[in-house]
Every structure is written in C-alpha cells, then in structure tokens.
Amino acid sequence: MTSLFLICGISIILNVIFIIGINNLIRQNEEYEDMVVNTRLEIMYKVENALQQMRDIDTREVFEKDDEVGSTFQQLKNIIEDLNNEI
C-alpha cells in the first residue's frame, strides 16, 4: 500500500511538472507566432512602400521611357511587384 501511494505521489508530481513545461512551451510558441506575423506585416508594408516610392519617383515616366534606365527600372519594378504578390 505504501509503495502505491509513493508511485501515485511521484506520478502526480511528474504530471504537474509536465503540465507546467507544456504550458511554457505553448506560451513560447504563441510568442514566436506573433513575432512571425508582425515581421511578415512589416515586410509587406516595406515592400508596398518601396513600390509606391518607385511609382512616385517616376510620376512622369521619365525613367520608364528611357531605353537603358527604363529596362532596369522596369525590372526592379517587376521584382518588387512579384515580391508584393508573394507576400
């Protein structure tokens, strides 16, 4: 009978320790998820901002119409638009 109480006591103590450990891991996981979501939103904002700034810089399409500069400008614009669509 005494060994049964001892085993039950150890089991209860271990279960409490495991529950505390699992709760800590769940809390850490939720913090990491929040951090990933916030980072994604910041990146999305920066990409959209960069695309808007490129469009604002070339409001008169001076860069876009130029042969040498225009092709580079268009490639950069396409890269940023693709990145914006992926995010």
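The values are calculated or read from the model by the stated rules, or taken from the named source; none is laboratory data. All of these numbers come straight from a predicted model, not from anything done at the bench. As a convention, Cβ positions derive from the backbone with ideal geometry for all residues, glycine included, and neighbour counts pool all protein chains shown.
Residues are listed down the side, and each one gets a yes or a no for (1) modelled with pLDDT of 80 or more; (2) part of a helix (DSSP H, G or I); (3) exposed (fewer than 13 other Cβ atoms within 10 Å of the Cβ):
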{"site": "ILE19", "(1), (2), (3)": "yes, yes, yes"}
{"site": "ILE22", "(1), (2), (3)": "yes, yes, yes"}
{"site": "ARG40", "(1), (2), (3)": "yes, yes, yes"}
{"site": "VAL47", "(1), (2), (3)": "yes, yes, no"}
{"site": "LEU51", "(1), (2), (3)": "no, yes, no"}
{"site": "ARG60", "(1), (2), (3)": "no, no, yes"}
{"site": "PHE63", "(1), (2), (3)": "no, yes, no"}
{"site": "THR72", "(1), (2), (3)": "no, yes, yes"}
{"site": "LYS77", "(1), (2), (3)": "no, yes, no"}
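Scanning region 1-15 for any residue that is outside any helix (DSSP H, G or I), exposed (fewer than 10 other Cβ atoms within 10 Å of the Cβ) and out of contact with any helix residue (DSSP H, G or I) (no Cβ under 9 Å at 6 or more places or on another chain) turns up at least one such residue.
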